[in-house]
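We did not get these values from a lab; they are worked out from the coordinates using the rules stated. Predicted, not measured: the structure shown is a model, and the values here were computed from it. Ideal geometry is used to build each Cβ from the backbone, glycine not excepted, and the neighbour counts take in all protein chains shown.
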Amino acid sequence: MTGVKRNVAVLISGRGTNLRALIDSTTQDADHPARIALVLSNRAEAEGLEIAKAAGIETAVIPSKGKERAEFDAILDTVLRAKDIDYICLAGFMRLLTHGFVQAWYGRMINIHPSLLPAFKGTDVHARVIESGTRFTGCSVHFVSPEVDAGPIILQAVVPVPQEATAESIAAAVLEQEHALYPQALRLLAEGRLVIEGQRVRVTG
Ligand code: GRF
């Protein structure tokens, strides 16, 4: 390994297939600029925690139920700083973050969303894609900004929507692209090659 690796925290709430893709990509290359140092969930039942444990990665659970957003985010921030985290990847993290937290981590926190943003923000994306009649969908990795699913876009991948598509078939096709796209975006981020210029992201080098 050459150089010091950047510490990444992956925040999850559920099954963790994107987490797995991020773990695989960072561990398969000894020279990768990042290491997943912590996997954190707001739900103790998140299946992704087992993926992290099996890979020997430290996990943490901060139960969000019954907590005010500000209280949750303050604990989260303390845990991340105590672990010397440089970057945050949201991977199916189903909890809204406060503006203060997002601003404190702006430029160092990214998310993956299963649509071609800025179209189809929010949840229940694939059913709305089909209803809309659009011929193409996909996924986007973006910097997290205070407005949900609206931050500067880093990378996107396109997936066609065939006539016979169902929400399930589109979800599967998009997920496959997500697993390739998210690791690419994390690598660019950890290499320090992403420059935010307003709403646009310039990839350098
Ligand atoms: C993915 O579809 C991602 O785009 C969205 O939540 C889902 C997480 O899936 N933000 P997984 O937990 O990574 O399998």
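Pairs of Lys residues in the chain are counted when their Cα atoms are under 27 angstrom apart and they lie 8 or more places apart or on different chains; the count is 9. Amide H contacts for I154 (H built 1.01 Å from N in the peptide plane; partners 5 or more residues away or on another chain; cut-off under 5 Å): V141, H142, F143. Among 42-49, 18-25, sorting by the average number of other beta carbon atoms lying within 10 angstrom of each residue, highest first, gives 18-25, 42-49. Seen from T204, the other residues with C-beta closer than 12 Å to its C-beta sum to a net charge of 0, counting Lys and Arg as +1 and Asp and Glu as -1. Stokes-Einstein diffusion for the chain, with the hydrodynamic radius set to the Kirkwood value over Cα pairs and evaluated at 10 °C in a medium of 1.306 mPa s, equals 91 µm²/s. A Förster radius of 22 Å combined with the Cβ-Cβ distance from A127 to R15 puts the calculated FRET efficiency at roughly 0.70.
Using a Förster distance of 22 Å, how high is the FRET efficiency between I196 and V4, based on the Cβ-Cβ distance and rounded to 0.05? That pair, I196 with V4, gives E of 0.40. Counting 0.36 nm for each residue step from M94 to K67 and taking away their Cα separation leaves a gain of 8.3 nm.
For q values of 0.10, 0.11, 0.12 Å⁻¹, compute log₁₀ I(q)/I(0) with the Debye formula on a Cα-only model of region 1-105, without solvent. Once normalised to I(0) and log-transformed, intensities are -0.26, -0.32, -0.38. Taking 7 Å steps out from each Cα toward its Cβ at E168 and V148 produces label points 2.6 nm apart. Summarised as an ellipsoid, region 99-205 has semi-axes of 26, 15, 11 Å, derived from the eigenvalues of the Cα gyration tensor scaled by 5 and square-rooted, with the largest first.
With θ taken as phi - 60° and the Karplus curve 6.51 cos²θ - 1.76 cosθ + 1.60 applied, the whole-hertz 3J(HN,Hα) list for region 76-81 is 4, 4, 5, 5, 5, 5 Hz, x standing for glycine and proline.
Phi-derived couplings, Karplus 6.51 cos²θ - 1.76 cosθ + 1.60 at θ = phi - 60°, listed residue by residue for region 91-102: 9, x, 8, 9, 9, 6, 9, 6, 4, x, 5, 4 Hz, with x used for Gly and Pro. Alpha carbon centre of region 137-202 versus region 40-71: separation in Å? Using only Cα atoms to place each centre, the spacing works out to 23 Å. Helix 17-27 and the long axis of the chain differ in direction by around 50°, with both axes built from C-alpha atoms.
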